[in-house]
Amino acid sequence: MGVIKRQGLKNTVSSYLGIIIGFVNLIIIQPYFLTKEELGLTRVLYSFALLVSVFVPLGIGNATTKFFPQFKNEEKRHYGYFGFMLLFPLVGYLLSAGVLFVLKDFIFSQYVKESPLFTEFFSYVFPLIFFLSFISVLSIYCFSNYKSTIPSYLNDIVVRVLTIAVVSVYYLKWIDLNQFVAAFTGIYALQLLSLLAYIFWFDKPGFKIDKSHFRLQKVDQLIGYSLLLWMAGVASIGLKYFDALMIGKYMPLSFVGIYTVAAFIPTIIEAPLNAFDKIAASRIAFAWKDNNMEEIRAIYRKSSLYLFIFGGFLFLNVNLNIIDLLSFLPAGYDQGSKVVLILSAATLFNMATGLNAPILFNSSRYRTGAVFLVLLAVVAIVLQMIFIPLLGMNGAAVATALSSIFYNLLLFWYVLKHFQLQPFGANNLKVAALIIVLFCAGSYLPDLENRIFNIAFHSGIISLLYAGIVYRMGVAEELMDMLPFIGKRKKS
């Protein structure tokens, strides 16, 4: 767990720096520097490209996490695995670009009424898809080599800083809308080039494929695994981006902009999960290779408890202050307060269930995980089509939340049934009770006239109570030992 702790902590720091920058970007700068339609345009372009980019790698990202331990050998340059890996997104991109070109008229017909700007700038999805798909594959290659810090820094910090710069330049009217969208796309080209440079700095990977070693490692199983998860992979990313696309279909782009800002806020809660998952998934893959069930069990239980503790703290601080936070934005953004609460609750549930997905997808029963992903995609699309026409933005949030909870319940049940693993204990129940009690109590705290003082007052009271009670209950002793001064006192 040492590597997971160190890199997980670094990734968490990077994630929260990125969230702070993202908060400034998406909550402060973009709503004032861009119109709601322009903000909605960037989100629909990005969401559409990201959704397609899930298909492009043909599942090689998941396969790299699971199978790279069988190829890892620095002296042999990993038997050319890097070159083999890059063939998948290259072929996938050519296929996807061809399909999109053929279906372009149909896609335009779905968006031209409510989101005409998207159809005008649709051509930019092609380079965006290319950049995002290769970024995904190269990032996973870094994670599989236990090099997660720099990719996280590029994704969480550099991209967001550059986005602020591009938006600011456009706001100052130094560039027009066409140049703005081109520059926005170019940010991801720079991220891709930076990842390539980093990989060749730490690894010097090989492109020449060692066919004999690949045959020895049963490459047909690897390819089968890749293609299976390729068919299902849209769900894992799609769950986060279907909502924006579906809102753009049923409602004007201005509502996509409002929803995007509201949906960004729960990512503050999810950051520890993303940071932990980047390195823990590879550790779980190596543990399965060695049949080390004790390590898997330890990762599962600790991930559930510690992520729940962090998530609960952030859930309380976000949702007890959401009205004041949204009041700083231009008129109309306060409509997103219920979206924040709904998505935050689903995010907290996801964190409470721990790393169940990496456990299943890196096991021999990964085919069932693929079936669950397909089922998730179907459920998400159906629920979006039902709830958005009924409830608008709140309906999109409800559909996304229900899909996520349903998926995590499936994973929990299956991992328990087939591996006799479950992450919960008495401490998890204590934390759940604490979150519920403090959320109810926090709703009755008096309000101050000044919004900034009110946020500070509510956050201060809730944070002190939450941290103090968690400490007194002793539910996270190992976590406390990692903190300066506190851990030393406990050991003395």
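In region 85-101, the residues that are more than 18 Å from residue 224 (Cα to Cα) reach residues that are assigned to a helix (DSSP H, G or I) and among the polar types (S, T, N, Q) with C-beta atoms within less than 8 angstrom, at least six apart or across chains, in these pairs: 93/133.
If I filter region 86-109 for residues that are in contact with a helix residue (DSSP H, G or I) (Cβ under 8 Å, 6 or more places away or on another chain), farther than 21 Å from residue 45 by Cβ, surrounded by 18 or more Cβ atoms within 10 Å (Cβ to Cβ) and in the same structural domain as residue 210 (by TED's automatic domain parsing), do I get at least one hit? So far as region 86-109 goes, yes, one or more of its residues are in contact with a helix residue (DSSP H, G or I) (Cβ under 8 Å, 6 or more places away or on another chain), farther than 21 Å from residue 45 by Cβ, surrounded by 18 or more Cβ atoms within 10 Å (Cβ to Cβ) and in the same structural domain as residue 210 (by TED's automatic domain parsing). Look at region 202-215: where a residue is in the same structural domain as residue 75 (by TED's automatic domain parsing) and within 22 Å of residue 150 (Cα to Cα) and a partner is assigned to a helix (DSSP H, G or I) and modelled with pLDDT of 80 or more, sitting 6+ places away or on another chain with Cβ atoms under 6 Å, you get 205/82; 206/80. Taken as a whole, the condition of being part of a helix (DSSP H, G or I), touching a residue at least 60 places away in the same chain (Cβ under 8 Å), among the hydroxyl-bearing types (Ser, Thr, Tyr) and closer than 30 Å to residue 150 by Cα does not apply to residue 337. Of all the criteria given as (1) outside any helix (DSSP H, G or I); (2) of a type outside the set (A, V, I, L, M); (3) surrounded by fewer than 17 Cβ atoms within 10 Å (Cβ to Cβ), the one not satisfied by residue 147 is (3).
Scoring residue 199 on the criteria (1) touching a helix residue (DSSP H, G or I) at 6+ places or on another chain (Cβ under 8 Å); (2) free of Cβ contacts under 8 Å to residues at least 24 places away in the same chain; (3) not hydroxyl-bearing (Ser, Thr, Tyr) leaves a single failure, condition (2). Considering only region 386-402, I want to know if a residue exists there that is aromatic (Phe, Trp, Tyr) and not in a helix (DSSP H, G or I). No: zero hits. If you go through region 339-366 and keep only what is over 17 Å from the mean Cα position of the chain (by Cα) and under 25 Å from residue 460 (Cβ atoms), you end up with just 341.
Working carefully through the options 68, 130, find the one that is crowded, with 20+ Cβ neighbours inside 10 Å, aromatic (Phe, Trp, Tyr) and farther than 26 Å from residue 181 by Cα.
On the way: 130 fails: farther than 26 Å from residue 181 by Cα.
Result of the check over 68, 130: 68.
Taking the criterion of being over 29 Å from residue 338 (Cβ atoms), part of a helix (DSSP H, G or I) and either hydrophobic (A, V, I, L, M, F, W, C) or not assigned by TED's automatic domain parsing to the domain that holds residue 304 (or both), the residues of region 403-427 that qualify are 413, 415, 416, 419, 426. Would you confirm whether any residue within region 64-76 is in a helix (DSSP H, G or I) and modelled with pLDDT of 80 or more? Yes - at least one qualifying residue is present in region 64-76.
The residues of region 166-220 that are surrounded by 17 or more Cβ atoms within 10 Å (Cβ to Cβ) and among the charged types (D, E, K, R) amount to a single one, 210. Can you find even one residue in region 67-89 that is of a type in the set (Lys, Arg), closer than 19 Å to residue 146 by Cα and within 24 Å of the chain's Cα centre (by Cα)? So far as region 67-89 goes, no, none of its residues is of a type in the set (Lys, Arg), closer than 19 Å to residue 146 by Cα and within 24 Å of the chain's Cα centre (by Cα).
In the list 357, 380, which residue meets the criterion of being of a type in the set (Gly, Ala, Ser), buried (at least 22 other Cβ atoms within 10 Å of the Cβ) and either in a helix (DSSP H, G or I) or in contact (Cβ under 8 Å) with a residue 60 or more places away in the chain (or both)? The unique qualifying residue is 380.
Of all the numbered requirements in (1) in contact with a helix residue (DSSP H, G or I) (Cβ under 9 Å, 6 or more places away or on another chain); (2) within 21 Å of residue 140 (Cα to Cα); (3) at pLDDT 75 or above, residue 220 misses one, and that requirement is (1).
The values are calculated or read from the model by the stated rules, or taken from the named source; none is laboratory data. Note that the structure is a prediction, hence the values are computed from the model and not measured. Note that we place each Cβ from the backbone using ideal geometry, even for glycine, and neighbour counts take in every protein chain shown.
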